[in-house]
Amino acid sequence: MKKLIVGNWKMNPIDSSVAREMFLLVRKQSVALKSVQTVICPPSIFLGELKSLVSKNCLLGTQNVFYESQGAFTGETSPVMVKNSGFKYVIIGHSERREMGESDLIVSKKVNACLKSGLKTILCVGEKTRDESGDYYKFIRQQLTEDLIGVAKKDLKNLIVAYEPIWAIGKNALRVATPEDVMEVSIFIKKVLSEISSREMAMNVQILYGGSVNEKNSENFLKFAGVSGFLVGRASLDPQVFNKILRIADNVK
Ligand code: PGA
């Protein structure tokens, strides 16, 4: 399985010509990669323009979708539309969306709709804080279980889980997570997934890490954290830095 490096541009850049330039630089690097699949998730308004630029190694995805297929839902985009427009990947349940009020119930409806549409669905989970008593395990178990309610076992083949501890994300991160922090949770996520489905299914679900990933820490996360890719925020906005992460990932055996 190829490593998966996803750039979450969030609400950046403000201009489509800049988005184009950024995407072209990343695509150029991606062509040379042997063991990495690159996916860029820009603001949806740029997807149409960037679509003609995709290559096999450098695909596009969306940062969110709604759970209905079509109808009177002002401002929303459906998984079927994403699929019919030729895009394969979608991020669901990012902590910034949860912070805006997206509950586990809504996340589960979205995950179900995306998986039913055959989209590669990147479900983000992660605790706000780490406590000595290990309550974050309970939190992650609950999130995963609630977010995957109703999902057919056969559809789990398109599930990807991104572990994104909120305390390690963004410029206000309390501290940078260590590969050990991530390793213990990546194992735990597999355990919970195998309880929900089967061991075999769980072993095939790709686990990504997200939270202040950069060109300095990416190698160690890939080597020692039990993950096979990243969801990258800030560092994906600088194509030079993002390309370094891609090259480093490609060289990790
Ligand atoms: P960061 O963001 O890499 O800027 O910490 C990660 C994310 O929010 O997905």
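Before moving on, here are some points about what is shown:
- With q set to 0.09, 0.11, 0.17 Å⁻¹, the log10 of I(q)/I(0) for segment 113-253, from the Debye formula over equal scatterers at the Cα positions, is -0.27, -0.40, -0.95.
- Cα-based convex hull volume of segment 182-222 per residue, rounded to whole Å³: 67
- Per residue, the convex hull spanned by the alpha carbons of segment 184-253 comes to 87 Å³.
- Cα-derived Rg to Rh of segment 34-122, Kirkwood definition: 0.97
- Stokes-Einstein translational diffusion, the chain - Kirkwood Rh over all Cα pairs, 1.306 mPa s, 10 °C, in µm²/s: 88
- The mean of 1/r over all pairs of different alpha-carbon atoms in segment 14-62, once inverted, gives a Kirkwood hydrodynamic radius of 10.8 Å.
- Pairs of Lys residues in segment 143-253, spaced 8 or more positions apart or belonging to different chains, with C-alpha separations under 28 angstrom: 21 in total.
- Once the Cβ-Cβ distance of M1 and S55 is raised to the sixth power relative to R0 = 22 Å, the FRET efficiency obtained is 0.70.
- Reachable aspartates and glutamates, given that their alpha-carbon falls under 13 Å from the alpha-carbon of K120 and they are not under 8 places away in the same chain: D155
- When you count the other C-beta atoms within 10 angstrom of each residue and take the mean per peptide, 163-171, 63-71 line up highest first as 163-171, 63-71.
- Karplus-derived 3J(HN,Hα), 6.51/-1.76/1.60, for each residue of segment 131-143, Hz, glycine and proline x: 10, 4, 7, x, 4, 5, 4, 4, 4, 5, 4, 5, 4
Readers should treat all values here as calculations from the given coordinates under stated rules, not as data from a laboratory. Only a predicted model underlies this, so the values are computations on that prediction, with no experimental measurement involved. Counting neighbours? That spans all protein chains shown, and the Cβs are built from the backbone with ideal geometry, glycine included.
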